[in-house]
Amino acid sequence: MSSLRPFPIPAIVGFLLPCLAILLCASPLPAQNNEGKFLFLLASGFLCDPGDASACPATTKSNQGDSYEMSGAGTIDVQSNSVRAAGTYTHRSPSGNVLE
């Protein structure tokens, strides 16, 4: 005696109907026309996850031991070769004192 049962029709309809709706209603999106303007983030925005603050602010050290902490955001316009940005920086001595 065979224990095979037919696949339930409601399961087929419940799966195929949403798939068919997505295929019929989907349309390609037009390409973005940014005209050579790009947004950039430097240790700010979504890059600074509250659970992991190791990336913010971005820090670099000089050969003399001074450190520079930076964060900001801006736009780059490739056609006019210009950058518009705003942000902050902190200059620290090798001992950690704020110089600027």
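The values are calculated or read from the model by the stated rules, or taken from the named source; none is laboratory data. Remember, it's a predicted structure, so these values are computed and weren't measured experimentally. Cβ coordinates were reconstructed from backbone atoms using ideal geometry, including for glycine residues, and neighbour counts include every protein chain displayed. We work out accessible area using only protein heavy atoms, side chains counted, and drop any ligands, DNA or RNA first. Shrake-Rupley method; radii C 1.70, N 1.55, O 1.52, S 1.80 Å.
Observations on the structure shown:
- For His91, net neighbour charge (Lys/Arg +1, Asp/Glu -1) across residues whose Cβ lies under 12 Å away: -1
- Using the Cβ of Thr59 as centre and a radius below 12 Å, the other residues enclosed give a net charge of 0, where K and R count +1 and D and E count -1.
- Largest to smallest in accessible area, the residues Phe40, Phe15 fall in the order Phe15, Phe40 (1.4 Å probe, all protein chains included).
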